[in-house]
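Q: Can you keep this structure in mind? I'll have questions shortly.
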Amino acid sequence: MKNLISLIILMMSFTIQVEAQKKIRVTKFERNVTSLIGSMNQVKDNSGETCAVLRVRMTDNDFEIEPNLGVLHHEEATGEVRLWIPVDTKRMTIRHPGVLPLAGFEFPVKLEPKVTYDAEVEIVEEVKTRVPKGFHVFLGAGFNVTAISGPSAMLGLNYKHHVVEVGFVYGLNKTDDTYFYDNETNLKAAYNYQPFRISLRYGYDIDLGKMFSITPQIGYAYNNMNGSSIKTGNSDNTFKSTSSTSALASVRLTAKLSKQIGLYVTPEYNFGLSKEDLCKLIGDNDKTFKSWTEGFNLNVGLIIKF
């Protein structure tokens, strides 16, 4: 059981790819109402209009600032560069070695003559999660309608039609009453049992046109039975629970209601692999229960793709 849970967690960890990427970001762009640099400015553009002054503070001197109408004059100081640019300038491109350029950064304000504008730029590292191409996650909810009836759920991963899914069934019905004696006449305990199942399946999804698909599957199931005492004073933890394992073969047939939602029906057949002694006793007493772990089952429900 622990190995199955570990496998599920490992399977989920491989589905999302994490990427770290450095980017250039403008953290500030605003008018500086106290600076005298712009008001003392005498640099004019080709049309005779006095320039605006863009003062860019940087984390290092490797940044390159390229306004879309060019730079008519510039001065460098520690940690910043001052650019005299035409007032019709609307955007700039910022470059830095080893980092993707920030192209076409739009100025948030219209520039005015003889006004100083302060900007700050830095390099930030963004962490992004990415789903591989051809990959999607799906969830399902349904009902087991044969030997053991009860609600079911599944979580699956589909990568280029290869399907891995984890399923769960909770049985609502109980086994027949089972009596345990320590000799021919002395009743030691009496229980009935309610089952649940966890399964892991692998399959290959085949499209049958736009409306239908079929997914042949093979898998492994862990079957657990929890007992409830049915006779006061005759309970024994030795008989409280038991389990078995089985291999299974199934075929899921899906009718697509939309790109994300579908209805499915899954017939399956179970082949017993291992069984505790108590599980054998319960199966001998209740043939319906036995067929659940060693026989035919049917599950129907709704499936949602993300």
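The values are calculated or read from the model by the stated rules, or taken from the named source; none is laboratory data. Note that the coordinates shown come from a computational prediction; the quantities given were computed from them, not determined experimentally. Using ideal geometry, Cβ is built from the backbone for each residue, glycine included, and neighbour counts are taken over all protein chains shown. Note: areas computed on protein heavy atoms with side chains; ligands, DNA, RNA excluded. Shrake-Rupley method; radii C 1.70, N 1.55, O 1.52, S 1.80 Å.
Q: How about the range 180-198: which of its residues are touching a Leu at 6+ places or on another chain (Cβ under 7 Å) and free of Cβ contacts under 8 Å to residues at least 40 places away in the same chain?
A: Tyr181, the sole residue that qualifies.
Q: Can I ask one more? Please work out if Asn61 is modelled with pLDDT under 90, more than 30 Å from Phe168 (Cβ to Cβ), open to solvent by 80 Å² or more (accessible area, probe 1.4 Å) and not aromatic (Phe, Trp, Tyr).
A: So Asn61 fits the description; yes.
Q: What are the residues in the range 166-181 that are under 27 Å from Thr266 (Cα atoms), open to solvent by 90 Å² or more (accessible area, probe 1.4 Å) and of a type outside the set (A, V, I, L, M), if any?
A: Across the range 166-181, the qualifying residues are Tyr170, Lys174.
Q: Select from the range 273-293 the residues that are outside any helix (DSSP H, G or I) and buried (at least 17 other Cβ atoms within 10 Å of the Cβ) and write down the one among them that is farthest from the chain's Cα centre (by Cα).
A: Asp286
Q: All but one of (1) surrounded by fewer than 17 Cβ atoms within 10 Å (Cβ to Cβ); (2) outside any strand (DSSP E or B); (3) polar (S, T, N, Q) hold for Ser228; state the number of the condition that does not hold.
A: (2)
Rundown of residues vs (1) closer than 30 Å to Ala189 by Cβ; (2) open to solvent by 60 Å² or more (accessible area, probe 1.4 Å); (3) in a strand (DSSP E or B); (4) in contact with a Lys or Arg (Cβ under 9 Å, 6 or more places away or on another chain), yes/no style:
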| site | (1), (2), (3), (4) |
| --- | --- |
| Leu248 | no, no, yes, yes |
| Val251 | no, no, yes, no |
| Asn270 | yes, no, yes, no |
| Asn299 | no, no, yes, yes |
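Q: Taking only pairs six or more apart or across chains, which ones have beta-carbon atoms under 7 Å, a first residue in the range 138-152 that is within 12 Å of Phe296 (Cβ to Cβ), and a second residue that is of a type in the set (Ser, Thr, Tyr)?
A: From the range 138-152, the pairs are Asn144/Ser152; Ala147/Thr288; Ala147/Ser291.
Q: I'd like to check something: does the range 16-38 contain any residue that is at pLDDT below 90, open to solvent by 70 Å² or more (accessible area, probe 1.4 Å), under 37 Å from the mean Cα position of the chain (by Cα) and of a type in the set (Asp, Glu)?
A: Yes, some residue in the range 16-38 is at pLDDT below 90, open to solvent by 70 Å² or more (accessible area, probe 1.4 Å), under 37 Å from the mean Cα position of the chain (by Cα) and of a type in the set (Asp, Glu).
Q: Show the residue pairs that are 6+ apart or on different chains and have beta-carbon atoms under 6 Å apart, the first residue being within the range 266-291 and under 29 Å from Glu165 (Cβ atoms), the second being open to solvent by 60 Å² or more (accessible area, probe 1.4 Å) and modelled with pLDDT of 85 or more.
A: Once the first residue is under 29 Å from Glu165 (Cβ atoms) and sits in the range 266-291, its partners that are open to solvent by 60 Å² or more (accessible area, probe 1.4 Å) and modelled with pLDDT of 85 or more give Tyr269/Phe296.
Q: Here's something else I'd like to know. Residue under question is Thr215, and the condition is that it be under 18 Å from Gly142 (Cα atoms), of a type in the set (Val, Ile, Thr) and touching a strand residue (DSSP E or B) at 6+ places or on another chain (Cβ under 8 Å); does it hold?
A: Yes: the conditions hold for Thr215.
Q: Considering only the range 43-64, state which residues are part of a strand (DSSP E or B), out of contact with any Lys or Arg (no Cβ under 6 Å at 6 or more places or on another chain) and free of Cβ contacts under 8 Å to residues at least 40 places away in the same chain.
A: Lys44
Q: Still on this structure: Tell me, yes or no, whether the range 73-96 has at least one residue that is more than 41 Å from the chain's Cα centre (by Cα), hydroxyl-bearing (Ser, Thr, Tyr) and surrounded by fewer than 16 Cβ atoms within 10 Å (Cβ to Cβ).
A: Among the residues of the range 73-96, at least one is more than 41 Å from the chain's Cα centre (by Cα), hydroxyl-bearing (Ser, Thr, Tyr) and surrounded by fewer than 16 Cβ atoms within 10 Å (Cβ to Cβ), which makes the answer yes.
Q: (1) loosely packed, with under 14 Cβ neighbours inside 10 Å; (2) over 28 Å from the mean Cα position of the chain (by Cα): which one isn't true of Asp207, the others all being true?
A: Every listed condition holds for Asp207 apart from (2).
Q: Quick check on Thr185: is it in contact with an Asp or Glu (Cβ under 8 Å, 6 or more places away or on another chain) and modelled with pLDDT under 90?
A: no
Q: Name the residues in the range 128-152 that are open to solvent by 40 Å² or more (accessible area, probe 1.4 Å) and either under 12 Å from Gly171 (Cα atoms) or at pLDDT below 75 (or both), would you?
A: The answer is Lys128, Thr129, Arg130, Val131, Lys133, Phe143, Val145, Thr146, Pro151.
Q: Follow-up. Given the conditions (1) over 25 Å from Gly227 (Cβ atoms); (2) open to solvent by less than 70 Å² (accessible area, probe 1.4 Å), which single one is not true for Phe306?
A: That leaves (2) as the condition not met.
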